[in-house]
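Only one structure is covered here, and it is reproduced in the block below.
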Amino acid sequence: MVKRSHNHMRKKLRRQATIIVSLGLVIVVSLFVLVGVLIFQLVSNRVDSTRQSNEHTSAQGQSSETNQELTTAVSQTGPIISESTLSIETSSDSDGPVQTSEMDTVQPPENLMPTLPAIIDGPDLNGYLVVIDPGHQMYPDSKQEPLSPTMSGSKDRVSAGTKGVSTQRPEYEVNLEIALLLKVYLEELGCEVYLTRTENDVNISNIERAEFAESYSPDAYLRLHCNGSMDSSVTGISVFVADFGKHKSSLCGWADTLGQSIAQTTGSNYIGCRASSLYSGLNWATDIPSFLLEMGYMTNKKEDELLSDPAYQLKICAGIADFVATMPKNAAR
């Protein structure tokens, strides 16, 4: 009996030891798994943090490059294009003024202001006031708005615009770049200048742009655009005006002066003036001298490159300044 009791006791102790060892192994394995999971999470978090930091740095770099593109370093000379006789093409009326929330912000940020040569040779523009509308915007708006206050029909609030065949730059970007330079140029000559937009990422309809311009009773309302054509050989400057309104009888004469002035300073060819009721941005600004200026064709390789050339842009500004000096001052202001 005693021997059997001892054997039974030993077996019981062995079972207990086996259970304890098994539990210990389970605990050890669990700890290893837990530590492994924690290490994996720490490594993953560090990788994610590094990736986000790199993306943020890259985004800042891209933003800085964009701002640098808008800061134009202007030189005194530049290439010119040869003259040729071309027919007028239909322009896309796709720009708008500043959003309602931005209509009071008419001065561009200082870090976007372009640089001018030390001396600007141009007419005395003291007493003149000009509103400049850089055509289009980053994102088009296909919502409809009335084409005119006097006729039926509707049109996209803001259309997309064209794109450079060589530079690959969107029209809205080139329009704003030249508009910022033109503002500084005209102000240097004594002119008072307001812009409908100072950024590309806005949403301002053609009617809003026109209303913004009329609120200042300017001596000239200039809507800056670049043209496009299915024929890549087409080049030149053209001006569009409304075919009705307060200044109907004078608009094409003024437009010819504008186009010819720019052609003279740039060496480009002036195609001519076209009066039309197709452009809502002009139809809603008929109480002031309003002009849709097509500065050149982005579908032509040479002209596309010239439109982004700081020296050529300066020549456009010089031609516009000469034109402004010929305009009668608005007695209603």
note = Quick shape check on the stretch 212-290: root eigenvalues a ≥ b ≥ c of the Cα gyration tensor, a/c under 1.5 is rounded, otherwise prolate if a/b tops b/c, else oblate, and it reads prolate
remark   = Quick calc, Q264 & T150: beta-carbon distance into FRET formula, R0 30 Å, rounding 0.05, result 0.25
inquiry  = Within the stretch 271-285, name every residue whose backbone N is under 18 Å away from a label modeled 7 Å from Cα of M230 along the Cβ vector.
reply    = none
remark   = Cα-based Rg then Dmax for the stretch 159-230, in Å, read 13.4, 40
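FYI, it's all coordinate maths here, none of it is from the lab. All values derive from a computational prediction rather than experimental measurement. Every residue, glycine as well, gets a Cβ built from its backbone with ideal geometry; the counts of neighbours run over all protein chains shown.
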